1. Can you confirm whether region 175-188 contains a residue that is surrounded by 15 or more Cβ atoms within 10 Å (Cβ to Cβ), over 19 Å from the mean Cα position of the chain (by Cα), within 23 Å of Glu125 (Cβ to Cβ) and small (Gly, Ala, Ser)?
2. Tell me, yes or no, whether region 14-30 has at least one residue that is part of a strand (DSSP E or B) and over 22 Å from Leu106 (Cα atoms).
3. Identify all residues within region 107-124 that are closer than 13 Å to Lys21 by Cα and touching a His at 6+ places or on another chain (Cβ under 8 Å); write none if there are none.
4. So which of Leu95, Leu26 ends up being within 26 Å of Gly158 (Cβ to Cβ) and at pLDDT 95 or above?
5. Answer yes or no as to whether Val94 is in contact (Cβ under 8 Å) with a residue 24 or more places away in the chain and either among the aromatic types (Phe, Trp, Tyr) or more than 20 Å from Ala132 (Cβ to Cβ) (or both).
6. Need pairs with beta-carbon distance below 9 Å; first residue more than 19 Å from Ile50 (Cβ to Cβ) and within region 178-192, second surrounded by fewer than 17 Cβ atoms within 10 Å (Cβ to Cβ) and of a type in the set (Val, Ile, Thr); sequence gap 6+ or separate chains.
7. Out of all the residues in region 59-70, is one or more of a type outside the set (A, V, I, L, M), under 11 Å from the mean Cα position of the chain (by Cα) and either assigned to a loop (DSSP other than H, G, I, E, B) or surrounded by fewer than 14 Cβ atoms within 10 Å (Cβ to Cβ) (or both)?
8. Scan region 10-41 residue by residue and report those that are surrounded by 12 or more Cβ atoms within 10 Å (Cβ to Cβ) and farther than 22 Å from Lys102 by Cα.
Amino acid sequence: MSERIDVGETNVSRETYERLKHYEALVQKWSPKINLVARSTLSQVWDRHIVDSLQVCSAVEQPNCWVDIGSGGGFPGVVVAIWAAEHWPECEVVLIESDQRKCAFLRTALRECGVSGTVLSKRIEQVPSLQADVLSARALADLSQLLEFSDLHLKPGGQCLFLKGAQWKKEVDNAERQWRFDWKSNKSWTEPEAVVLRIKGVARV
């Protein structure tokens, strides 16, 4: 049996682990030039960003199309693509990011890590509907705005996975004034007050 390595609350193959470590090194190399992560967290890329992103992957079974919006430095989009290479080789991973320099980084990261993914250099609302099985976002916008994007890009029966901080319940309450949706919160692996919000059945009120 091939070696498995614990990362957060899951485990990955040696090959996936090495790809994640290579990605960590790329983030640390590029970030001082194009601000991929806050300077204060640059020494904590593994735990604060990579492990944090990995938790959304273990919550999903075999999607055909995963769309990450506002991908920025690739959290969680590039991590999802690395996970997919091992677990869902047929899954199409799409990263949407409007910043051209960050798009250049995302394409470099996917290529150097040896994984597949499509980077779209556009604003989220300008991309034709992608009919995603899974829509993810991290540190992008409040929940009401994210649900606007999900209304455009999520296929019927699909699910959203949004990484949210300590104010997540307030965002849910505010969003429920405009939207109907089913939600469940999973406690974050990395932050005691943060959660991963799993959302389905999004419809306007």
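1. There is at least one residue in region 175-188 that is surrounded by 15 or more Cβ atoms within 10 Å (Cβ to Cβ), over 19 Å from the mean Cα position of the chain (by Cα), within 23 Å of Glu125 (Cβ to Cβ) and small (Gly, Ala, Ser).
2. Our first condition is that a residue be part of a strand (DSSP E or B); within region 14-30, this holds for none.
Within region 14-30, not a single residue is part of a strand (DSSP E or B) and over 22 Å from Leu106 (Cα atoms).
3. Glu112, Cys113
4. Values: Leu26 fails: within 26 Å of Gly158 (Cβ to Cβ).
Going through Leu95, Leu26 in turn, the sole match is Leu95.
5. Working: in contact (Cβ under 8 Å) with a residue 24 or more places away in the chain: yes; either among the aromatic types (Phe, Trp, Tyr) or more than 20 Å from Ala132 (Cβ to Cβ) (or both): no.
Spelling it out, it is not the case that Val94 is in contact (Cβ under 8 Å) with a residue 24 or more places away in the chain and either among the aromatic types (Phe, Trp, Tyr) or more than 20 Å from Ala132 (Cβ to Cβ) (or both).
6. Listed by first residue and then by second, the contacts come to Gln178/Val205; Trp179/Val205; Arg180/Val205.
7. Restricting attention to region 59-70, the residues satisfying the condition of being of a type outside the set (A, V, I, L, M) are 61-66, 68, 70.
With under 11 Å from the mean Cα position of the chain (by Cα) added as a condition, the list becomes 66, 68, 70.
Okay, now just the ones that are also either assigned to a loop (DSSP other than H, G, I, E, B) or surrounded by fewer than 14 Cβ atoms within 10 Å (Cβ to Cβ) (or both), so 70.
Yes, region 59-70 contains at least one residue that is of a type outside the set (A, V, I, L, M), under 11 Å from the mean Cα position of the chain (by Cα) and either assigned to a loop (DSSP other than H, G, I, E, B) or surrounded by fewer than 14 Cβ atoms within 10 Å (Cβ to Cβ) (or both).
8. Correct list: Thr10, Asn11, Val12, Ser13, Glu15, Thr16, Tyr17, Glu18.
The values are calculated or read from the model by the stated rules, or taken from the named source; none is laboratory data. Quick caveat, the model's predicted, so the values are computed rather than measured. Cβ coordinates were reconstructed from backbone atoms using ideal geometry, including for glycine residues, and neighbour counts include every protein chain displayed.
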